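Structure first, commentary second.
The values are calculated or read from the model by the stated rules, or taken from the named source; none is laboratory data. Quick caveat: nothing in here was measured; it's all calculated off a predicted structure. Counting neighbours? That spans all protein chains shown, and the Cβs are built from the backbone with ideal geometry, glycine included. Heads up: the accessible areas ignore ligands, DNA and RNA and are worked out on the full protein's heavy atoms, side chains in. Shrake-Rupley method; radii C 1.70, N 1.55, O 1.52, S 1.80 Å.
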Amino acid sequence: MSTERFDCHYCKDTLLGKKYILKEDTQYCTKCYENLFANCCEVCSLPIGCNCKDLSYKDRHWHENCFKCAKCSRSLVEKPFAAKDDLMLCTECYSHEYSSKCSTCKKTIMPGSRKMEYKGNSWHETCFLCQRCQQPIGTKSFIPKDNNYFCVPCFEKQFAYQCCACKKSITTGGVTYLDKPWHRECFTCIGCKRQLAGQRFTSRENYPYCLDCFSNLYAKKCVGCTKPITSLAGAKYISFEERQWHSECFTCMQCSVSLVGRGFLTQRDDILCTDCGREK
């Protein structure tokens, strides 16, 4: 009675009574399996045999005894590690060589710990303090000044001007009028409350006015069109016996010819050219 053969798929040697390895439902003796499929160790370049643990990271493989920190040679098995330029390093060596240093305490900021970064500098979260109150700024807004950093409330207390209108601090922008600081949105026409920042305006008794309000309130009125006459915009006007006209409104009441630079006659409140005046 014959028995069915049980051989290595590759070398055909019998596997009866021997250790073998199945791969995809196919059996191999250990020698053939290692020659065909074993990974080579990154450190010693020898195959990682069936009796060894194969430690892998990103398609790279190591014997258990070869998986060590490239700098201090401590084992990295079941320990946190970091990769740098194909080198495997323990977190301590990696931090010492490559991690940023805290600008305040000068100690290494360990990987995974919370840190603050600003303009190329780094801090431990607990070291990034407001210069005035010495409390951690954390994720709150801050304002830099003279190589120091301030939380917004402390900056306002120590440095910010107060708007003379609303009495609140001016942290950004603002305008100055009569040597006093204003928020841009608070610097408005005393008449219509329109914002004046960036606009032409004038003043009377130290109050700011937009040109429209100033003209309506204080400018003389044209006899011809009854609209204000203002020189703020460079307008020319004619004045006669305490009456004023825009230059373009100073015309003959009868024929409407311009009287600017010409002789004219008066008839009661009317202004006439000399031709129309003689006809009267």
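For segment 78-118, residues that are in contact with a Lys or Arg (Cβ under 9 Å, 6 or more places away or on another chain), surrounded by 13 or more Cβ atoms within 10 Å (Cβ to Cβ) and either of a type in the set (Val, Ile, Thr) or without any contact (Cβ under 8 Å) to a residue 12 or more places away in the chain (or both) total 3. Checking each residue in segment 172-195 for being closer than 25 Å to PHE159 by Cα and buried (at least 17 other Cβ atoms within 10 Å of the Cβ) picks out GLY174, VAL175, PRO181, TRP182, HIS183, CYS186, PHE187, THR188. Among residues of segment 36-56 being touching a residue at least 24 places away in the same chain (Cβ under 8 Å) and more than 26 Å from ASP85 (Cβ to Cβ), the one that is surrounded by the most Cβ atoms within 10 Å (Cβ to Cβ) is CYS50.
Residues that are under 59 Å from the mean Cα position of the chain (by Cα) number at least 1 in the following strands (runs of 3 or more DSSP E) confined to segment 1-91: 20-23, 54-57, 60-63, 81-84, 87-90. Could you check how many residues of segment 244-259 are within 19 Å of LYS221 (Cβ to Cβ), of a type outside the set (Asp, Glu) and open to solvent by 70 Å² or more (accessible area, probe 1.4 Å)? So the count comes out to 1. Looking only at residues of segment 196-211 that are open to solvent by 30 Å² or more (accessible area, probe 1.4 Å) and assigned to a loop (DSSP other than H, G, I, E, B), we find that the one that is nearest to PRO228 (Cα to Cα) is ARG200. Residues in segment 119-138 that are more than 19 Å from THR171 (Cα to Cα) and part of a loop (DSSP other than H, G, I, E, B) were compared, and the one that is most open to solvent (accessible area, probe 1.4 Å) is LYS119. Looking only at segment 226-236, decide whether some residue is touching a helix residue (DSSP H, G or I) at 6+ places or on another chain (Cβ under 8 Å), open to solvent by 50 Å² or more (accessible area, probe 1.4 Å) and among the charged types (D, E, K, R). Within segment 226-236 (the criterion being touching a helix residue (DSSP H, G or I) at 6+ places or on another chain (Cβ under 8 Å), open to solvent by 50 Å² or more (accessible area, probe 1.4 Å) and among the charged types (D, E, K, R)), the answer is yes, since at least one residue qualifies.
If I ask for residues that are acidic (Asp, Glu), farther than 29 Å from CYS213 by Cα and in a loop (DSSP other than H, G, I, E, B), which ones from segment 141-193 would you list? Listed by number, the list holds a single entry, ASP146. When SER169 is tested against (1) modelled with pLDDT under 85; (2) open to solvent by 40 Å² or more (accessible area, probe 1.4 Å); (3) more than 30 Å from CYS66 (Cα to Cα); (4) not aliphatic (A, V, I, L, M), exactly one condition is not met: (2).
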